[in-house]
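Worksheet: the structure to be examined is printed underneath.
The values are calculated or read from the model by the stated rules, or taken from the named source; none is laboratory data. Everything numeric in this text was worked out from a predicted model, so none of it was measured. All Cβ positions, even for glycine, are placed from backbone atoms using ideal geometry, and neighbour counts span all protein chains on display. Please note that ligands, DNA and RNA were not included when accessible areas were found on the heavy atoms of the full protein model with its side chains. Shrake-Rupley method; radii C 1.70, N 1.55, O 1.52, S 1.80 Å.
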Amino acid sequence: MAAVKRLKRVAAAQPGFMSFKSSAGSDDLNSGQRKRVNKNKKKNWNKHSDIQDVEEFLDDVRLQERATGGLISEKPDDSLFFVDIGEQRKYVQPEVQEGKKGKKSKSRPLRIDLILQHDSLVPPPKDILAHQQPNAKKLRRIAENAEKLAAMGVLPRRQKRLLNRRPAITASKSKTTANNFPDRPYYDLWGGDAKETADPYYLEQTGKKRVKRPEKLNSKPSVLPAVEVIAPGGSYNPDFFSHQALLLEAHEVEVKRERAELRIERQLAVNREDTATEETVFQELVEGLVEEEEDEDEEEEAVSIRGGLQQEKKTEKERRRERADKIKSQQKQAARVFTDKKQQLFQLRSIQATLKRGEQQTRERVAQRKANQEAEKSMPRRLGRLRFQAQDLEVQLSDEIPGSLRTLKPEGSVLKDRFKSMQKRNMIEPRERAKFKRRHKVKYVEKRAFREIT
């Protein structure tokens, strides 16, 4: 403790030392009574040792080194003070020739630049975050592996893909010809898109390559025409035979509809023989009462028979006989299989004929399946929960045919015809009109004003 205070007094008593802080506590160095403490124990060293003055002195020295680049006492007076002599006349320094050397040829920096220069002797603290890199260990390991593979002559996958990439086919730029050139090629403004000559890998990586259109989107859902022409019998002045053919077609549609209704009625009809009568009801009530006693006697007899039968234990001779019979049956089965295989050698012609017949049937089934698929293209498919119902034929009877186009009455609806056509061509699913069901009954209230009038 005494040595520390002595060092502090010596440092502060030096004539060249100047402190940045106020010397308010300088008198406290000599003043104050010395406290007697037993220092032969280690626990009292830190407890009663006052090093605050030494820390303040060292902090002041570090502050001077950071601010002025050293101790102020060691700085010359010219660097700390200057003589103010007022405004100086502007002196234009003559240009020194390049060949001459001397004191005038050296350009001295301005004083303002010298003041702004960093002259601290303490280096700036190292920024650890600037030298850190995320995943540095992983990247270092990848770089080491890449160096090993390069030394072995193995290329990475990305470099292989770049080397295997096909070079872009650069088409020679054709010079544009004048508009008044009569033999210039025809340019279709509404034609197909021009072929892309850029690198396909570049287009794919930059997202400029168009997505390949599926082939199914290019095919129509149905081969039927958008507008179907009505039969010749539907004209306002048709031929007799064509009109009769159209009437026959409408008649067949109505017959099919009636048959379907009759089939449903027959399925829902109740047979009179199945209706219950008094006799059948009485038989159902009495059934099972008389036969119960007979069933009980039969069960007792069966139980007595089962109890009387006892399984006898087989002797060793019987077991050997069963084993020999089993071996003989297996040998007979194997001999039969071998005989059948030998007989098949003499049946090669019949087997070949059977195979040819099977191949012919397979070809016929494939042809029939293709024909069915072609026929289904012109038929409406099942797109929803409802089936497609064709529109009724618009046909007039013989006495309803007008004599001229002027007296013809319009039939049907164009909107409904287009709607059914789209359903038939598998463009939209068959639909039905939404049913509106009221949640609450409509309540009729007679207003007071109406009641007063009535």
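Descriptive notes on the structure:
- The conditions of being loosely packed, with under 10 Cβ neighbours inside 10 Å and under 21 Å from Glu249 (Cβ atoms) are not met by Leu345.
- A Cβ distance below 6 Å, combined with a sequence gap of six or more or placement on separate chains, defines the contacts here; from the stretch 408-424, residues that are of a type outside the set (Lys, Arg) reach no residue that is part of a helix (DSSP H, G or I) and open to solvent by 70 Å² or more (accessible area, probe 1.4 Å).
- Search result, residues across the stretch 113-139 that are β-branched (Val, Ile, Thr) and open to solvent by less than 100 Å² (accessible area, probe 1.4 Å): Val122
- Look at the stretch 228-246: where a residue is farther than 18 Å from Pro410 by Cβ and a partner is open to solvent by 50 Å² or more (accessible area, probe 1.4 Å) and not in a helix (DSSP H, G or I), sitting 6+ places away or on another chain with Cβ atoms under 7 Å, you get Pro232/Asp239.
- If the condition is being open to solvent by 50 Å² or more (accessible area, probe 1.4 Å), part of a helix (DSSP H, G or I) and either free of Cβ contacts under 8 Å to residues at least 40 places away in the same chain or under 21 Å from Pro123 (Cβ atoms) (or both), then the stretch 63-83 contributes Leu63, Glu65, Arg66, Ala67, Glu74, Asp77, Asp78, Ser79, Leu80.
- Within this structure, Glu318 fails the test of being assigned to a helix (DSSP H, G or I), at pLDDT 85 or above and within 60 Å of the chain's Cα centre (by Cα).
- The number of residues in the stretch 362-385 that are at pLDDT 90 or above and in a helix (DSSP H, G or I) comes to 11.
- Any chance Arg385 is charged (D, E, K, R) and open to solvent by 90 Å² or more (accessible area, probe 1.4 Å): yes
- Residues in the stretch 401-417 include at least one that is farther than 27 Å from Gln244 by Cα, part of a helix (DSSP H, G or I), open to solvent by 70 Å² or more (accessible area, probe 1.4 Å) and among the hydrophobic types (A, V, I, L, M, F, W, C).
- Search result, residues across the stretch 200-222 that are open to solvent by less than 100 Å² (accessible area, probe 1.4 Å) and either under 22 Å from Glu411 (Cβ atoms) or β-branched (Val, Ile, Thr) (or both): Thr206
- Unique residue being within 19 Å of Leu224 (Cβ to Cβ) and surrounded by 12 or more Cβ atoms within 10 Å (Cβ to Cβ) when the list is Glu429, Glu376: Glu429
- Total residues in the stretch 233-245, condition surrounded by 13 or more Cβ atoms within 10 Å (Cβ to Cβ) and either aromatic (Phe, Trp, Tyr) or under 55 Å from the mean Cα position of the chain (by Cα) (or both): 2
- Among residues of the stretch 117-141 that are in contact (Cβ under 8 Å) with a residue 60 or more places away in the chain and closer than 30 Å to Ser79 by Cβ, those with a Cβ under 6 angstrom from a residue that is open to solvent by less than 100 Å² (accessible area, probe 1.4 Å) and not in a loop (DSSP other than H, G, I, E, B), sequence gap 6+ or separate chain, pair up as Val122/Glu65.
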